[in-house]
1. So is A:LYS138 in a loop (DSSP other than H, G, I, E, B) and within 14 Å of chain B (Cβ to nearest Cβ) or not?
2. Take the residues of the stretch A:153-173 that are in contact (Cβ under 8 Å) with a residue 60 or more places away in the chain and of a type in the set (Lys, Arg): which is nearest to the other protein chains (Cβ to nearest Cβ)?
3. Being in contact with a strand residue (DSSP E or B) (Cβ under 8 Å, 6 or more places away or on another chain), closer than 22 Å to B:ALA206 by Cα and among the small types (Gly, Ala, Ser) is the requirement here; does A:GLY115 meet it?
4. Name the residue that is nearest to the other protein chains (Cβ to nearest Cβ), counting only residues in the stretch B:161-178 that are under 23 Å from B:LEU131 (Cα atoms) and surrounded by fewer than 20 Cβ atoms within 10 Å (Cβ to Cβ).
5. Checking A:GLN81 against (1) more than 14 Å from chain B (Cβ to nearest Cβ); (2) surrounded by 21 or more Cβ atoms within 10 Å (Cβ to Cβ); (3) modelled with pLDDT under 95, only one condition comes out false. Which one?
6. Listed residues A:LEU173, A:LEU180; which is outside any helix (DSSP H, G or I), more than 12 Å from the chain's Cα centre (by Cα) and crowded, with 21+ Cβ neighbours inside 10 Å?
7. When only residues in the stretch B:210-267 that are surrounded by 18 or more Cβ atoms within 10 Å (Cβ to Cβ) and acidic (Asp, Glu) count, which is modelled with the lowest pLDDT?
Amino acid sequence: MLQTASPNTDLAGREAEFDVELRKVFKVFNGETAVRGVEFNIRRGEFFSILGPSGCGKTTTLRLIGGFEMPSAGEVLIRGQSVNQVPAYRRPVNTVFQSYALFDHMNVRDNVGFGLRLKKMAKAEIQHSVDEVLELVKLESLATRFPKQLSGGQRQRVALARALVNRPAVLLLDEPLGALDLKLRKQMQYELTSLHQDLGMTFVMVTHDQEEALSLSDRIAVMNDGRIEQIGSPQEIYDAPKTPFIADFIGDTNLFEGHVEEADESSLLVRSQAGLDLAIERGESGADVADAPRLDRGSAVAVSIRPEKIDLHLYPPETSVNTFEGRLIQAMYLGTHVQFTVELSNGATLTVRQPGSGSERIALGTAVFVSWSPSSALALSR
Amino acid sequence: MTQSETSLPETPERAEDRADDLPSDELPAMSRPFKLKLSWQAGFTIAMFAFMYLPILVLTAYSLNASPYSANWEGFTWEWYGRLLQDRRVFSALRNSLTVATSSVGISAVLGTLMAVGLARYHFPGKRLFLGVSYLPLIVPDIAIAVATLVFLAAIGFPLSLWTIVAAHVVFCLAYVAIVVSTRLADLDQNLEEAALDLGATPVQAFVQVLLPQLIPGIVSGCLLAFVLSMDDFLISSFTAGAGATTLPMEIFSRIRTGVRPDINALSVVLISASALLAFIAEYWRYRSDSKQ
């Protein structure tokens, strides 16, 4: 089995606890700032994802770690050592490129052995390591093929093997599964997870696919417009987003813009711009995390309610809190659940998701009631 | 059969695929009696090929004609080809032409490749202007290049020789090599060099071991194109040639001024065949490297 290089120690002789550290890193291209003061620490052996929409600076951030870009300001550290002055070819990291960037003039074996040959490793040793890693990615039988003779999934495994064989301290993955079809992507997600568990290597993945990030990562950094908006476990990111952007970007949500009408220790009342009164329970559900800005009377907020947290009723429910009347305007059967679109009496539309087999069909245009518990809603500072 | 199919090694599943892929209507179509029906498109195509290649066929026929002067067929002979082989002036002109072509193509191969890579990788002010100017020799008429080069060489008092032809040929060969290599470069994965750096290659190693091998097909076909054009050039060569630096086209031209002779016909046929062979090799090379990789 492959093993990562032995841990380095930093200047003070302590064993470096983080494999990658970014300290207030900025990157400016021709006057355009792609990365604005990004800071994070990636723990040894962690599967860390950088998630964000296209153009948010996530790939640039990865390239700063890989050494393909040098920071305009700030510091990048790998295993406790500053690598600001270290070119890509002397960094203990390897990258799986989105396009794979395989060497078409070499067969699979030579592609995978490329890094080891540069290190002037003995032939027999290269042969052994290459065989080992090809077995790991299940490509033993295709070792003498050329990249152009492989399918997309096989090429992606070659790219993975070519990086892994060097036993990097950190494996960087740039949208690794972006070019694969859905079924293959699911399978490779599973294989990436098991590779990560088996190798214990630090993985840093860039993706725009929130589902992929949620299912694979130990921690996720959500980026938007060159900044990191939140770093946390998939559960934290999903259940307790810190900003309206994240609530909207990760999964589906219903957002209501408004301002705080009443605030006390345990609850908030928010009046939406459309005039709805929304009750929110403050507490562990994440509505106000320790470092979130204080929400007081008058604060501008966005209230987020996940579609699956909303109940749909044909008759008025017992409670009147967070209960609104509306009209069903759309129903979509999505396999494991049904997604309804409800138009509230004030014109706003709401997405509601209910598990169901589609048996309880409701005619479009029917008057319905929606409600949700105050603990399911989140107030996010604007 | 498509190119991609031929390039894949046979595996059992693939063979099966192929059997399934057979269009079901193909068999009845094949059993239908074959009828020769000339469509107007086919007629037009034949007329066009005749227009292009009939003169060459006539030339070939004359080169094998025993009659030295008349256009009448007086029997088959290899005599003119035999005479050609003993003609010292033709061989000296051929040697000059080859020297010019190989030198100018050699210089252009190196400079053109570096230029294409540099233009693809670096952004600098005035890049578009530089690009336009470097491809200008492809558009500017040969006579303009010829006159300009001659006037320039005369102005600085540089003595004309075989090497002034080389210098003038580099001007257009460079543009051809650069444009073909640029096209190949644009088809390559943008991250190739970075992938090599990532795996520990120094920038020089990345260029030599990864980028260059992938560019070779482009460099070779660009060089062959430039080689043929250099061998073929009459105008620029005759303006920039020094005393005694006679290239093959110049030799042919000086001979036909005294009337077309059968040995010139033979020489022309040899030249056409050699060019065709070179073009075939170039195409085959490109086809093979495309299908293997």
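1. Values: in a loop (DSSP other than H, G, I, E, B): yes; within 14 Å of chain B (Cβ to nearest Cβ): no.
No.
2. My answer is A:ARG162.
3. yes
4. B:VAL171
5. Exception for A:GLN81: condition (2).
6. Being outside any helix (DSSP H, G or I), more than 12 Å from the chain's Cα centre (by Cα) and crowded, with 21+ Cβ neighbours inside 10 Å holds for just one of A:LEU173, A:LEU180, which is A:LEU173.
7. Across the stretch B:210-267, the extreme among qualifying residues is B:ASP263.
Rundown of residues vs (1) within 14 Å of chain A (Cβ to nearest Cβ); (2) hydrophobic (A, V, I, L, M, F, W, C); (3) in contact (Cβ under 8 Å) with a residue 12 or more places away in the chain, yes/no style:
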| site | (1), (2), (3) |
| --- | --- |
| B:PRO159 | no, no, yes |
| B:LEU192 | yes, yes, yes |
| B:CYS223 | no, yes, yes |
| B:SER230 | no, no, yes |
| B:THR240 | no, no, yes |
| B:PRO262 | no, no, yes |
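The values are calculated or read from the model by the stated rules, or taken from the named source; none is laboratory data. All of these numbers come straight from a predicted model, not from anything done at the bench. Cβ atoms come from the backbone with ideal geometry, glycine included; neighbour counts cover every protein chain shown.
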